[in-house]
Amino acid sequence: MLHTDRRPLSLAALALSALLLAGCGGEGGDGGAGEDGTTAPATTGTPAQDTASPDDSASPGEDATGDGTASPSGTASPSGSPGADSTAGAGGEAAVVSSAVAAAEDAVGGDAQAFEIAREDSPASWQVAVASGDREHELYVSEDGEDVISQEEEGGLDSDDREKLARVRVPLEDGLSTALETVNGALDEAQLETEDGTTVWEVEIDEPDGNSVDVFVDVENGSVLKIDR
């Protein structure tokens, strides 16, 4: 009798143990069975979304354009902008003295014809002798050759000057240009003279080394008759 009663008791204990194990599994994690006995899908972690903002990049500078692209940086302006026009060199000197002659002739008017010019140091200016009819006028013109500073009539032309002026075919400003193209330097003075029997513009030029040179320009054809150093 004792032998046959132990077997049902062992079966009941096993069944209870199975129920307890099943209950523990339902209370657990991802792979446990649901209330209806079906197995619930395993809970998986939500994929991490890449919500990181773009890397902080250097924002465009103050001169950036609206579309985020940097506008060209300011370029440096040319240095040493040119100043006032230089009168250095033979061409500049010739232009200045020609302007001084023209200013003097315009101031006298009529048939005015310049026949002498000299550089003055105090004040810096040009002294120009101008013939008009049989009268001589003396004028002072600014150093840049633009403005007449003073003007006065000197009296009648002497006979020697009248004779020389009658031979002139090449005006004083052209004779000056020829001389300054021939010898590089600064004009000191120029006047009508006779050289070797020929009427000339005698043009005295101071070279950069301080040497004084006389250039003789034929008043009839504009050629250089000779150069004295």
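Tabulated values for the structure
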quantity	calculated
Every residue from the stretch 167-183 that is open to solvent by 70 Å² or more (accessible area, probe 1.4 Å) and under 14 Å from N221 (Cα atoms)	R167, R169, D174
Condition check for V141: modelled with pLDDT of 95 or more and not in a strand (DSSP E or B)	no
Selection count, the stretch 184-217, where residues are more than 28 Å from S159 (Cα to Cα), surrounded by 15 or more Cβ atoms within 10 Å (Cβ to Cβ) and without any contact (Cβ under 8 Å) to a residue 24 or more places away in the chain	1
Residue in the stretch 130-143 that is in contact (Cβ under 8 Å) with a residue 24 or more places away in the chain, in contact with a Leu (Cβ under 6 Å, 6 or more places away or on another chain), closer than 19 Å to G175 by Cα and surrounded by 15 or more Cβ atoms within 10 Å (Cβ to Cβ) present	yes
In the stretch 156-187, the residues that are small (G, A, S) and over 16 Å from A112 (Cβ atoms)	S159, G175, S177, A179, G185, A186
From the options E173, E181, residue that is in contact (Cβ under 8 Å) with a residue 12 or more places away in the chain and within 20 Å of A103 (Cα to Cα)	E173
Residue that is farthest from S99 (Cα to Cα) [pool: residues in the stretch 145-158 that are surrounded by 15 or more Cβ atoms within 10 Å (Cβ to Cβ) and in contact with a helix residue (DSSP H, G or I) (Cβ under 7 Å, 6 or more places away or on another chain)]	Q151
Filtered residues of the stretch 117-138 (kept if more than 40 Å from the chain's Cα centre (by Cα) and in a strand (DSSP E or B))	A129, V130, A131, S132, R135, E136, H137, E138
Single residue of A107, A114 found to be among the small types (G, A, S), part of a helix (DSSP H, G or I) and modelled with pLDDT of 95 or more	A107
Residue check, E163 without any contact (Cβ under 8 Å) to a residue 40 or more places away in the chain, open to solvent by 70 Å² or more (accessible area, probe 1.4 Å) and in a strand (DSSP E or B)	no
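To keep it simple, each residue is scored yes or no on (1) modelled with pLDDT of 95 or more; (2) more than 41 Å from the chain's Cα centre (by Cα); (3) over 18 Å from I117 (Cα atoms); (4) in a strand (DSSP E or B).
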residue: S150; (1), (2), (3), (4): yes, no, no, yes
residue: T194; (1), (2), (3), (4): yes, yes, no, yes
residue: G210; (1), (2), (3), (4): no, no, yes, no
residue: E220; (1), (2), (3), (4): yes, yes, yes, no
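The values are calculated or read from the model by the stated rules, or taken from the named source; none is laboratory data. Quantities reported herein were computed from a predicted structural model and do not represent experimental measurements. When we count neighbours, we look across all protein chains shown, and the Cβ atoms used for this are built from the backbone with ideal geometry, even at glycine. Accessible surface is based on the protein model in full, side chains and every heavy atom, while ligands, DNA and RNA are left aside. Shrake-Rupley method; radii C 1.70, N 1.55, O 1.52, S 1.80 Å.
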